Amino acid sequence: MGRAKKAVLAYSGGVDTSVCIPYLKEEWGVEEVITLAADLGQGDELEPIREKALKSGASQSLVADATEDFITNYAFPSIQANALYENRYPLSTALARPLIAKLLVDAAAEYGADAVAHGCTGKGNDQVRFDVAIAALNPNLKVLTPAREWGMSREETIAYGERFGIPSPVKKSSPYSIDRNLLGRSIEAGPLEDPWTEPLEEVFLMTQAIAQTPDEPEYVEIGFEKGIPTRLNGQTLSPVALVTQLNEIAGRHGVGRIDMLENRLVGIKSREIYEAPALLVLIQAHRDLESLTLTKDVTQYKRGIEETYSQLVYNGLWYSPLKAALDAFIVQTQERVSGTVRVKLLKGNAFIVGRKSENSLYSDDLATYGADDRFDHKAAEGFIYVWGLPTRIWAEKLRG
Ligand code: ARG
């Protein structure tokens, strides 16, 4: 592949990505490492992270404020797609990776770098998402992945870093592997590796333990325009404000926790804990609004599209021709998905208790059992005769 001269490294401030800086320079002969820390609403203070990169040997340390881009262009489209991997995981981590990849590729162009780098290990999905997204955006860039190749244990990594003035973690490092952004948190490893072991309360940050949640329900009304969430309780909010506030409200009621075994792209089953309060409530509410505003055939056909979409996003194909084609379908379906959904939050549950829309296809004079029923009951007989004809013929043949 030839040596890289200048690399832009995705940087989190943790030990692994910090050690990547001297490692790239010393072991792989990269002349200059520029770090890029993305703010995706994870709540970290970014100035100390920026400084740490410089102390660890970066020539420049960039911070990208990407939260709005993240919610608007990655999270909201996936809400329109009702995207849940294996029917449960709302892709909070997976959605961040194509955006970080784009930031890396853009920075490489801006600073004249011939490579980008990340600190993913070789066992996860994130490496796939980065590598494939980077290739899709600029197939000429080299992708350097030191942590996938250095084969150092945790202790060895820390010791390597200390040789270059990277301080070892001050507190005893957590047994968990955690990823976080405004959409949610994923928690893996440590005691959670045993799928029979219940997660300790300490792993959760965005959601309250059920024992601590209010005894009274709280109602929240979510407004959508063309499948995009725009209002909370009647108030129009920016995408970031809406997700931030809904995280708070739903999290307070213990809504948004997931404990699942998940099939990674690399073939491994892993035990995952997630919390994604707003994202899960938004998908649930959005799907409900679709049930009011989409025709039966579009609703049902879209389920299959959603399944494929979720797998594509999980499997790192955000920037791919099939994903673009599915996007076009999904956006088309959202034309009339506008309205309001009423959600009741109580003790870890989000119940949809009401929905309304100017584009409602619900017709009470068809659905009613009352006097003003306008459904033509006599039409049912002929319909059922034709509908059941193949079954009737089959039964006559079989049973005589
Ligand atoms: N299993 C989840 C996913 O594939 C979470 C990955 C967490 N990543 C991390 N670097 N801790 O999306």
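Quick look at the numbers
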| item | result |
| --- | --- |
| Count of residues meeting criterion [surrounded by fewer than 24 Cβ atoms within 10 Å (Cβ to Cβ) and of a type in the set (Val, Ile, Thr)] in region 1-33 | 1 |
| Residue satisfying all of: in region 169-200; hydrophobic (A, V, I, L, M, F, W, C), part of a loop (DSSP other than H, G, I, E, B) and open to solvent by less than 70 Å² (accessible area, probe 1.4 Å); farthest from the ligand (Cβ to nearest atom) among these | Leu182 |
| Leu261 touching a residue at least 40 places away in the same chain (Cβ under 8 Å), farther than 15 Å from Ala83 by Cα, within 16 Å of the ligand (Cβ to nearest atom) and over 16 Å from the mean Cα position of the chain (by Cα) | yes |
| Filter pass, Val313 being modelled with pLDDT under 95 and not polar (S, T, N, Q) | no |
| Options Val243, Val313, Val255; residue that is more than 16 Å from the chain's Cα centre (by Cα) and either in contact (Cβ under 8 Å) with a residue 12 or more places away in the chain or away from the ligand (no atom under 16 Å from the Cβ) (or both) | Val255 |
| Odd one out for Phe130, checked against (1) within 16 Å of the ligand (Cβ to nearest atom); (2) more than 20 Å from Tyr23 (Cα to Cα); (3) among the hydrophobic types (A, V, I, L, M, F, W, C) | (2) |
| Residue check, Ala113 more than 15 Å from the ligand (Cβ to nearest atom), touching a residue at least 60 places away in the same chain (Cβ under 8 Å), over 19 Å from Ala324 (Cβ atoms) and in contact with an Asp or Glu (Cβ under 9 Å, 6 or more places away or on another chain) | yes |
| Top-ranked residue in region 224-234 [being crowded, with 23+ Cβ neighbours inside 10 Å and outside any loop (DSSP other than H, G, I, E, B); ranked as nearest to the ligand (Cβ to nearest atom)] | Pro229 |
| Within region 169-189, tally of residues that are more than 23 Å from the chain's Cα centre (by Cα) and of a type in the set (D, E, K, R) | 2 |
| Pair list, Cβ under 7 Å, 6 or more apart: region 134-156 residue over 21 Å from Ala96 (Cβ atoms), other residue part of a helix (DSSP H, G or I) and of a type outside the set (Lys, Arg) | Trp150/Tyr23; Met152/Tyr160 |
| In region 235-276, the residues that are open to solvent by 10 Å² or more (accessible area, probe 1.4 Å), under 24 Å from Glu225 (Cα atoms) and not in a loop (DSSP other than H, G, I, E, B) | Gln235, Thr236, Pro239, Val240, Ala241, Thr244, Gln245, Asn247, Glu248, Ile249 |
| Members of region 368-390 found to be outside any helix (DSSP H, G or I) and either surrounded by 10 or more Cβ atoms within 10 Å (Cβ to Cβ) or in contact with a Gly (Cβ under 6 Å, 6 or more places away or on another chain) (or both), listed by number | Thr368, Asp373, Phe375, Gly388 |
| Of all residues in region 150-168 being within 30 Å of the chain's Cα centre (by Cα) and exposed (fewer than 12 other Cβ atoms within 10 Å of the Cβ), the one that is nearest to the ligand (Cβ to nearest atom) | Arg154 |
| Answer residue from region 108-119, given it is crowded, with 21+ Cβ neighbours inside 10 Å and of a type outside the set (Val, Ile, Thr) and is nearest to Arg3 (Cα to Cα) among those | Ala115 |
| Near pairs, Cβ below 6 angstrom, 6+ apart or cross-chain, from region 213-240 (under 22 Å from Asn82 (Cα atoms) and of a type in the set (Gly, Ala, Ser)) to any residue that is open to solvent by 70 Å² or more (accessible area, probe 1.4 Å) and modelled with pLDDT of 95 or more | none |
| Filtered residues of region 77-94 (kept if more than 11 Å from the ligand (Cβ to nearest atom) and open to solvent by 10 Å² or more (accessible area, probe 1.4 Å)) | Pro77, Gln80, Leu84, Asn87, Arg88 |
| Some residue of region 95-102 being within 27 Å of Ile305 (Cβ to Cβ) and more than 16 Å from the ligand (Cβ to nearest atom) | yes |
| Candidate set: region 320-355, residues that are open to solvent by 50 Å² or more (accessible area, probe 1.4 Å) and without any contact (Cβ under 8 Å) to a residue 40 or more places away in the chain; chosen: the one farthest from Glu307 (Cα to Cα) | Phe351 |
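The values are calculated or read from the model by the stated rules, or taken from the named source; none is laboratory data. Only a predicted model underlies this, so the values are computations on that prediction, with no experimental measurement involved. No Cβ is skipped: glycine too gets one built from the backbone with ideal geometry, and neighbour counts run over all protein chains shown. Heavy atoms of the whole protein, side chains included, go into the accessibility calculation; ligands, DNA and RNA do not. Shrake-Rupley method; radii C 1.70, N 1.55, O 1.52, S 1.80 Å.
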